[in-house]
Structure formats: C-alpha cells, structure tokens
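Data block below; observations after.
The values are calculated or read from the model by the stated rules, or taken from the named source; none is laboratory data. Computed from a prediction, not measured in an experiment: that's the story for all the values here. When we count neighbours, we look across all protein chains shown, and the Cβ atoms used for this are built from the backbone with ideal geometry, even at glycine.
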Amino acid sequence: MKPKILIIGACGQIGSELTFKLRSIYGNDNVIASDINPANLDIAKPGLFEIIDAQDYASIKACVEKYNIDTIYLMAAMLSATGEKFPMKAWDLNMNSLFHVLNLAKDKFIKQVFWPSSIAVFGPTTPSENTPQHTITEPTTVYGITKQVGERWCEYYNQKYGVDVRSLRYPGIISWKTQPGGGTTDYAVEIYHKAVSQKKYDCFLSENTKLPMMFMDDAIKATIDIMSADAKAIKLRSSYNLAAISFTPKEVAQSIKQHIPDFKISYTPDYRQDIANSWPKSINDAAAREDWNWKHDFSLQDITKEMLFQLNKKCN
Ligand code: AKB
C-alpha cells in the first residue's frame, strides 16, 4: 500500500527536492506539498499544494483529514543563523510544529513522522572529530537547543505512545535547485553560485573551518531509506548521526579552481563563525550504516562537478 504523504515546508531547500522525489516514487496524488508562503506554489508544481502554517495545529489536522494523510515529513524550521537573530520565534516554530505532528500521531490521525534533526545538537563540549552517536550534547544555539530537545521528545513519544517517528541529524546540505536560507553551512552552496556568476566569493567562515557536509541526493536517499526501513530496524527513535564528507572553505575553493582556475576566495568571518566553531568537524554514523544500511555516494569532487555543471546550465 502506498503512503499518503503530507510535506510541511515543502518549498524549502530539502522540502522541494523531497517533494519531487517522493512524487516520483508514490505518484503526484499521494504526496501533498504544503508551505506557509503562497508565492512558493510554483516550486511544488505539478501536484497538490496547500497553504499551511506549521504552527497552526487546526490547519495541519484539516489537511490530514481532507487527504487521508498517514505520513508527515515536517521540513519547516528556522535554522541556526536566523535563529540567533530571532530566538523566541525559532523556539516557537521549531517546537510547536513538532508537537503538532507528534500529537497527530499519538492521537492516531497519522501513522508515521519524519522530523529532521541536525549536527547543531552538538556543542563545544562534544568531541569534535568522529563525533559518536551517543555523546555530550550541549548546543549553544537556539536552533541546536530546539533540535536537541526535539530529539528527546521524539524518543519520548515513541516509547510512551508508540509513535513511529524517525529522524536524522543532517549535516550541511549542498544543492543546486533551491538555495538554503538562514543556516551556518549555507556558504557551501553560495560559493558555487558565486563561482559561476562572479568567479569570486567572500566567505563568512574562515578558511580552515571544517564541517560535515552532504550532497542533496544523498540526503534525500537517506531520508527515504530511513522512512521505508522495517520499523524493527530503526533502533534509535531520537535521531541518527548521518555523515558523508567533511571539508573546509579552502578545500571547496580548491576543488572549484580545478574547473574555474581564476576563481578567487576571500574570508570575512562573521557571527556565524562562532556557531561553526561549536559544531563537530566529522561525524561517526556507524549506527545508521548498521541499522538501515546507510551509505553515501557523493565525494567533494563529485559534488563540485555536479554543482558547477547544473548551475552553468541554469545560467545559460
Ligand atoms: C544550519 O547551518 O543551520 C543547517 C544545519 C547544519 O542544520 N544547515
């Protein structure tokens, strides 16, 4: 039986590509895209689209009933950099939306939930290389706090109420179709756009800031794999560490120079440097690899080649 899916925040960086992929697997009629902003409607076309504010329980529930939804992917969130500017808004959006969806599952309106966590659950006291699944999580950003607390609530709803919730700690995600917004890892997308349009980029992180990263295709594969895995295989109901590669701004600039030799990079670190400094450099995702056979495909070289190819095609 095919799931009947609602994606909340379907027009964001990950939501837009997830919508496209899920529709290609389950059909346009089985995947309802929703977003708070009607101006984003085009991103979700062709297919069913609803305007939903992730903080409005009544409108999520009405949509679930209208389409007999059994699965929700909650992709709406305020990310790390914007969250530092609007701490209470980040808290309200990230927590209220999670509770709405978990409560719909607890009350048996839906059967399954996907909720993204992040490497932002970690903080300066976490071991920063090969960060283990179970370790110190003392985040110093509001976004990280919402993700850390959210993980606890996911596990709680699973253990107390049997909610089938699944979650991944995404690293920085690199994509060419939709730009990210408000994150600390956004530089790793901007750099490719600027390389193609201006052959230069002023990076808001310093040259040796190493962070865990992943190509969008790998992130979508991981999301769909964890959601379609046998429930018994999903042993962690908080959130799984998920890794692909790690690199610094200098390393990504070098990989771009192999294709655009006159590309120039400069560095003007801003408030996002402190956030990046508090996050791990690399992640140990052995649990995901063991429990549901996670495996990434894209190296930095593969990502650079694909990003430059696709962005050049878009520009011409
Ligand atoms: C951010 O930079 O805030 C996000 C994340 C790592 O969760 N991309």
- Item | Residue count for region 239-274, restricted to those that are over 21 Å from PRO124 (Cα atoms) and of a type outside the set (D, E, K, R) | 15
- within 16 Å of the ligand (Cβ to nearest atom) and not small (Gly, Ala, Ser): does that describe ILE220? yes
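Just to verify a result, which residue in region 1-55, among those that are of a type in the set (Lys, Arg) and part of a helix (DSSP H, G or I), is nearest to ASP217 (Cα to Cα)?
Ranking the candidates gives LYS21 first.
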- Item | Any pair with Cβ under 6 angstrom, 6 or more apart, that starts in region 136-165 at a residue that is closer than 24 Å to SER80 by Cα and ends at one that is among the hydroxyl-bearing types (Ser, Thr, Tyr) and part of a strand (DSSP E or B) | LYS147/SER117; LYS147/SER118; GLU151/SER117
- From the residues in region 132-153 that are among the aliphatic types (A, V, I, L, M) and under 22 Å from ALA288 (Cβ atoms), which one is farthest from the ligand (Cβ to nearest atom)? ILE136
- Message: Just the residues that are modelled with pLDDT of 95 or more, among the polar types (S, T, N, Q) and within 16 Å of the ligand (Cβ to nearest atom), please, taken from region 154-186.
- Response: SER167, SER175, THR184, THR185
- Message: Just to verify a result, which residue in region 142-167, among those that are hydrophobic (A, V, I, L, M, F, W, C) and surrounded by fewer than 22 Cβ atoms within 10 Å (Cβ to Cβ), is nearest to the chain's Cα centre (by Cα)?
- Response: VAL149
- Task: With the condition kept exactly as written, say whether any residue in region 257-269 is touching a Pro at 6+ places or on another chain (Cβ under 7 Å), in a loop (DSSP other than H, G, I, E, B), among the hydroxyl-bearing types (Ser, Thr, Tyr) and over 27 Å from VAL163 (Cα atoms).
- Result: no
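For the condition modelled with pLDDT of 95 or more, of a type in the set (Asp, Glu) and in a helix (DSSP H, G or I), what is the one hit in ASP274, ASP202?
Working: ASP202 fails: in a helix (DSSP H, G or I).
ASP274 is the lone residue from the list that is modelled with pLDDT of 95 or more, of a type in the set (Asp, Glu) and in a helix (DSSP H, G or I).
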- Task: Inspect region 18-26 for any residue being within 16 Å of the ligand (Cβ to nearest atom) and either out of contact with any helix residue (DSSP H, G or I) (no Cβ under 7 Å at 6 or more places or on another chain) or under 26 Å from ILE145 (Cα atoms) (or both) and give the result as yes or no.
- Result: yes
- Within region 59-104, the residues that are under 14 Å from ASP35 (Cα atoms), out of contact with any strand residue (DSSP E or B) (no Cβ under 9 Å at 6 or more places or on another chain) and within 13 Å of the ligand (Cβ to nearest atom) are MET78
- Message: I need the full set of residues from region 46-79 which are touching a helix residue (DSSP H, G or I) at 6+ places or on another chain (Cβ under 8 Å) and more than 16 Å from GLY9 (Cβ to Cβ), in order please.
- Response: PRO46, LYS61
- Quick one: in region 193-217, of everything that is over 14 Å from HIS296 (Cβ atoms) and of a type in the set (Phe, Trp, Tyr), which residue is nearest to the ligand (Cβ to nearest atom)? PHE204
- Query: Hey, any hits in region 60-72 for a residue that's closer than 27 Å to VAL142 by Cα, part of a helix (DSSP H, G or I) and modelled with pLDDT under 95?
  - Reply: no
